[in-house]
Amino acid sequence: MNDELLAQAKAWQAQDPDPETRAELAALIASENEPELQSRFGARLAFGTAGLRGELGAGPNRMNRVLVAQAALGLAQYLLEHATDEQPSVVIGFDGRKNSDIFAQDSAEIMAGCGIRVLLFETHAPTPLVAFAVKHLGLSAGVMVTASHNPPNDNGYKVYLGGANGGSQIVSPADAQIAAHIDQVARDLEFGDMPRDIDIEFVADEVRAAYAKTATDAAANLAGGNASATAPASLRITYTAMHGVGWRTVEPLFSAAGFTLNVVAEQIEPDATFSTVAFPNPEEPGAMNLAFAKARETSADLILANDPDADRLAIGLPDATSPEGYRHLTGDEVGLILGHAAAAAAARTGRKGAIACSIVSSSALAAVAAKHGLEFKQTLTGFKWIAKVPNLIFGYEEALGYAIDPGHTPDKDGISAALAVAMLARELSAQGITLDEHLTALRAEFGYFANGQVSLRFTDLSEIARLMAALRNNPPAEIDGVTAKLTDLSEGSAELPPTDGLRFDLADSRRVIVRPSGTEPKLKCYLQAVGETKSQADELLASLDAAMRAILADI
């Protein structure tokens, strides 16, 4: 048994206030289980632009009370050093995952103990509401305790910064500066020695009311300006919160806008075990099966699904060719619908600005921007980049994230986006047009872009690095029999900061971007094909998908 490893485990156990993780360590120490101890103490969860995210458990390489306390104190020290306010301030929210409320309470007390003004949500809050509160209240920072759509035994710690950062998620160099403070705290202080205070304010109901108004106004603007129309009797909507925290905010918002939602009762309340889904991510196969069943039962015209922290939105529409009777819209399809609506709304009001998407999202948005005289910007993946586009009107990423009101909520927001889709569907229904027919018309106008993804999940993260290195050092000269030009995104450019990614542009205008996921143990290949018809684009995409799977399998 490694004596140093054993000493680390015993030292951590001695300061750990959580009986569950203390018992976990006691069992591993007693059995001298070196592989499991090495897994927990051989590395540390890195604090980066996504904050913290990882599996619950004991030790510095897991999410637990000690690690979160170190992060809270490190963030507090950063704010005291960098915030321009006389008294730095922070709002803290949490979702329904295991220990989210405890992590939030620990963070609140520790940051208050450092002299920071702390506002804590009294109960569960969706992630967009925390992002909104930072901007609305003019605060120095925000913290959301969530692992979003990760597996049930994960949790995370998402950080927003006010001031010059505009209330959006942290990026470099703030992430490294906060991480340095956290590392120093971990070296210098144990859990019981950290400053604490219970001088904490609860977030006022006014914040939820203000969010509801701005979200409703933004959604109505995209749908044509009518927020209070009576929903046609034929418009039936199924909604699921995916065992998350969206419903408390969604229900009054939709009710005030004249909608009645048929909910998936088994998934409507927070459930830390996510008992009906293997992965609580609407993108995952099977995750929306109960929503499809409810939709069939009620003959729904539209399915709306939030992920557990409600920053993402999935859409389902009737499809007679599908075995379920419904099909998912891709994030790019919803991005086209909402992006076009946002551009049209800007044209109605004479507003100028930019619409934006990530580099792995569909290029169709560029055609929308060109038609409406707006700027089009592409950013690195993640709303930490999209939200920082100057004069942003609308932004999206293909992973079901949409910002329809970035001036008020500088992050993706699955709740306001859901309301916008519902209002738009209602307006179209009044004209005798379905949302699917509307999407078909948009494709005919702006081009047939087919987008897909090859996603590989790993338990050994070194495999992702190995695959990336193999593609980078020995790139294929051809993909699917077509010449492919490589751009190494790690080198950066005038438009984009460096990132670990590879872009292959094929001579026939198809595109492949390969990158590790920033939030999950996955390697992702984002595919795009453009055709003169939908069927041609789909065929080109299917062929590209098969070719990339063969290349990856060979490696």
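Rule-based calculations on the coordinates, nothing more; no lab input. These numbers were taken from a predicted model, which means no experiment stands behind them. Here the Cβ positions follow ideal geometry from the backbone for every residue, glycine too, while neighbour counts run over all protein chains shown.
Under 1.5 on a/c is rounded, so check that first for region 72-135, then, if it is not, pick prolate when a/b is larger than b/c and oblate when it is not; a ≥ b ≥ c are the square roots of the alpha carbon gyration tensor eigenvalues.
Oblate is the answer for region 72-135, as a/c is 1.5 or above yet b/c matches or exceeds a/b.
Rounded, prolate or oblate: pick one for region 288-419, where a ≥ b ≥ c are the square roots of the eigenvalues of its C-alpha gyration tensor, a/c under 1.5 means rounded, and failing that, prolate if a/b is larger than b/c, else oblate.
prolate
Determine which lysines satisfy two conditions relative to K412: a Cα distance under 18 Å, and not lying fewer than 8 residues away in the same chain.
Within reach: K135, K158, K213, K377, K384, K388.
Return the sequence-ordered ³J(HN,Hα) values of region 509-520 in whole Hz as given by the Karplus equation 6.51 cos²θ - 1.76 cosθ + 1.60 applied to θ = phi - 60°, using x for Gly and Pro.
Going residue by residue, I get 6, 6, 9, 10, 10, 10, 7, x, 5, x, 10, 9 Hz, with x marking Gly and Pro.
Where the centre of each part is set by its Cα atoms, how far does region 520-541 sit from region 247-318, in angstrom?
27
For mean projected area of the Cα convex hull in nm², which listed value, (1) 27.0; (2) 22.6; (3) 25.5, comes from the coordinates shown?
Structure-derived value, by its label: (3).
Is it possible to state the helix-based mean residue ellipticity at 222 nm for the chain, with each DSSP H run of 4+ residues giving -39500 (n - 2.57), the sum divided by total residues, to the nearest 500 deg cm²/dmol? What is it?
-12500 deg cm²/dmol
For a test of the definition: using alpha carbon positions, the gyration tensor, and the 1.5 limit on a/c, classify region 73-203 as rounded, prolate or oblate.
Because its axes are fairly even, with a/c under 1.5, region 73-203 counts as rounded.
Residues with amide H under 5 Å of L56's amide H, sequence separation 5 or more or different chain, H placed in the peptide plane at 1.01 Å from N; which?
Those lying under 5 Å, H to H, from L56 are M63, D154, N155.
Using the Karplus curve 6.51 cos²θ - 1.76 cosθ + 1.60 with θ = phi - 60°, what ³J(HN,Hα) values do you get for each residue of region 148-157, in whole Hz, with x for Gly and Pro?
Couplings: 6, 9, 5, x, x, 8, 9, 8, x, 8 Hz.
If the cut-off is a Cα-Cα distance under 14 Å, which aspartates and glutamates reach K371, setting aside same-chain residues fewer than 8 apart in sequence?
Cross-link targets: E445.
Counting only DSSP beta bridges with both residues in the chain, tell me the antiparallel percent, nearest 5. Before the final figure, lay out each step's value.
Values: 48 of 76 bridges.
Counting only bridges with both partners in the chain, antiparallel ones make up about 65 percent.
Check which residues have an amide H placed less than 5 Å from T409's amide H, if you skip close sequence neighbours.
Amide H to amide H, under 5 Å and 5 or more residues apart or across chains, T409 pairs with nothing.
Give, as a single signed number, the net charge of other residues whose beta carbon lies under 14 Å from the beta carbon of L552, with Lys and Arg counted +1 and Asp and Glu -1.
Numbers: positive: R457, R466, R472, R515, K522, K524, R549; negative: E463, D480, D545, D554.
Spelling it out: positives minus negatives among the neighbours equals +3.
When only Cα pairs under 8 Å and 6 or more residues apart are kept, what is the percent relative contact order across the chain?
11
Residue by residue through region 409-415, which ³J(HN,Hα) values in whole Hz follow from phi under the Karplus form 6.51 cos²θ - 1.76 cosθ + 1.60 (θ = phi - 60°), with glycine and proline marked x?
Values per residue, Gly and Pro as x: 10, x, 6, 5, 9, x, 7 Hz.
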